Amino acid sequence: MKYSEILFDVADHIATITLNRPDRMNAFTGTMMREVIDAFDQTDADDDVRAVIVTGAGRAFCAGADLGAGGSTFAKGGSDVQTDIGVPRDGGGLTSLRIYNSKKPVIGAINGASVGVGVTMTLPMDIRLASEHAKFGFVFGRRGIVPEACSSWFLPRVVGISQAVEWCYSGRVFPAQEALDGGLVRSLHAADDLIPAARVIAADIAENSAPVSVALTRQLMWRMLGADHPMEAHKADSRGILERGRSADAKEGVESFLEKRAANYTNRVSDELPDLFPEWVDPEFS
C-alpha cells in the first residue's frame, strides 16, 4: 500500500509509524485507519522489525477525528466497514484492535495534542511516553458521543476505573503532568528528547531479547487481563516454558549468558510463533 497520511520507516530493527497530516494536527480519517492497520501488517511480517514506535508529525500526535463534515461527522457511525455486529464498525476500534494484536511491542511517543481517538488509539500500546507539552482529552461526552476504540475495556485497565470515568465523564483536556500522575504515560520528555527516549527503550528490547519470547510475552500480558482465574495463566505459561525451553533461542540464551557474550536469537516471529492459547477464540478485528 502507498501511504498518504502516515510515514513508515524501519531502521536498526525499529519501525516508526508517524501520523502525517500536520496541517490538520494529524486528525484521524478512514484513510489513516487503513494505513495504520496496513503498517502493522508490515511490521508483523518483517522479522527485521523487533519494536514499533508510533508518533505524530508536527505539533500534534492526533487531535482526534477529522470534523470536516461538521455536525454530521458521526452520523453514519465510526467507519464504512460493515460486519455481522449489525452496525458500521468504529474506525478507532479497528485501529486499536490491530495494535492489540501486534506481534511486536509498541511504544507510543506522544509528541503533542492527543485527544479523542488520538488518545484512545494509544491505550493498546505497551509503553507511552509524552512530550511535556502534550495535552490529552477523552472529549467524547463534550461532542455528544461515547468513548470508542475499545477504550471502555483498555482505559480502566491502564489507569483504574475511578480515574478512567473522571476523565471520560468530564471530557476535559488535561496536561501532560496529569497524564503522568494518573498512570496514562510512563514519563515526560522535552520535545527534542522524546523520540530518542522512545528509541532507547525500543533498542533495549530489539538488541537483548528473543523476538519470539517478546511476542509471546505480549500475548500473555494482554490476554490475561481478561482471564477469570490465574489457572488460565498457568496453562499458557506451562505451554510457553515447554515450547520455548526446547527452542534454539533458549539454548542460545543460556549459552550466551554463561559465555558472557551477546546472544544471537534465530527463531522468527513470522513463522515460528507457537500457539499458547489453543482455547482462545480471537474475534475478527478487521
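The values are calculated or read from the model by the stated rules, or taken from the named source; none is laboratory data. These numbers come from a predicted model, not from an experiment. With ideal geometry, Cβ positions are generated from the backbone for all residues, glycine too; neighbour counts draw on all protein chains shown.
Which is under 23 Å from T95 (Cα atoms), at pLDDT 95 or above, among the basic types (K, R) and assigned by TED's automatic domain parsing to the domain that holds L94, of R157, R172, R143, R218?
Values: R172 fails: under 23 Å from T95 (Cα atoms); R143 fails: at pLDDT 95 or above; R218 fails: assigned by TED's automatic domain parsing to the domain that holds L94.
Of the residues listed, the single one that is under 23 Å from T95 (Cα atoms), at pLDDT 95 or above, among the basic types (K, R) and assigned by TED's automatic domain parsing to the domain that holds L94 is R157.
Hey, can you tell me all the residues within the stretch 91-118 that are out of contact with any Leu (no Cβ under 8 Å at 6 or more places or on another chain), within 19 Å of E35 (Cβ to Cβ) and of a type in the set (A, V, I, L, M)? Steps first, please.
Our first condition is that a residue be out of contact with any Leu (no Cβ under 8 Å at 6 or more places or on another chain); within the stretch 91-118, this holds for 91-95, 97-102, 104-106, 112-118.
Filter once more, keeping what is within 19 Å of E35 (Cβ to Cβ): 91-95, 97-102, 104, 106, 114, 116-118.
If the condition is that a residue be out of contact with any Leu (no Cβ under 8 Å at 6 or more places or on another chain), within 19 Å of E35 (Cβ to Cβ) and of a type in the set (A, V, I, L, M), then L94, L97, I99, V106, V117 are the ones that fit.
Within the stretch 140-170, work out how many residues are surrounded by 16 or more Cβ atoms within 10 Å (Cβ to Cβ) and among the small types (G, A, S).
Selection size over the stretch 140-170: 3.
Residue-wise test of (1) outside the structural domain of A227 (by TED's automatic domain parsing); (2) at pLDDT below 95; (3) crowded, with 17+ Cβ neighbours inside 10 Å; (4) touching a Ser or Thr at 6+ places or on another chain (Cβ under 8 Å).
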{"position": "G240", "(1), (2), (3), (4)": "no, no, yes, no"}
{"position": "G245", "(1), (2), (3), (4)": "no, no, no, no"}
{"position": "A248", "(1), (2), (3), (4)": "no, no, no, yes"}
{"position": "E255", "(1), (2), (3), (4)": "no, no, no, no"}
{"position": "L258", "(1), (2), (3), (4)": "no, no, no, no"}
{"position": "N264", "(1), (2), (3), (4)": "no, no, no, yes"}
{"position": "R268", "(1), (2), (3), (4)": "no, no, no, no"}
{"position": "E279", "(1), (2), (3), (4)": "no, yes, no, no"}
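How many of the residues making up the stretch 84-109 are of a type in the set (D, E, K, R), touching a residue at least 24 places away in the same chain (Cβ under 8 Å) and farther than 29 Å from S209 by Cβ? Working first, answer last.
As a first pass, look at the stretch 84-109 and keep what is of a type in the set (D, E, K, R): 84, 89-90, 98, 103-104.
The next check asks that each one be touching a residue at least 24 places away in the same chain (Cβ under 8 Å); those that pass are 90, 98, 103-104.
Still in the list and also farther than 29 Å from S209 by Cβ: 90.
Looking only at that region, the number is 1.
A quick yes/no check of all residues on (1) within 20 Å of I14 (Cβ to Cβ); (2) part of a helix (DSSP H, G or I):
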residue	(1), (2)
E207	yes, yes
T217	yes, yes
R223	no, yes
D237	no, yes
L242	no, yes
A263	yes, no
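Report every pair of residues separated by at least 6 positions or lying on different chains whose Cβ atoms are under 6 Å apart, first residue within the stretch 165-187 and of a type in the set (G, A, S), second surrounded by fewer than 16 Cβ atoms within 10 Å (Cβ to Cβ).
Short answer, once both residue conditions are applied: G171/G141; G171/R142; A176/E132.
Right, S256: assigned to a helix (DSSP H, G or I), over 26 Å from R157 (Cα atoms) and of a type in the set (S, T, Y) or not? If you could, list the steps in order and put the result at the bottom.
Working: assigned to a helix (DSSP H, G or I): yes; over 26 Å from R157 (Cα atoms): yes; of a type in the set (S, T, Y): yes.
It is true that S256 is assigned to a helix (DSSP H, G or I), over 26 Å from R157 (Cα atoms) and of a type in the set (S, T, Y).
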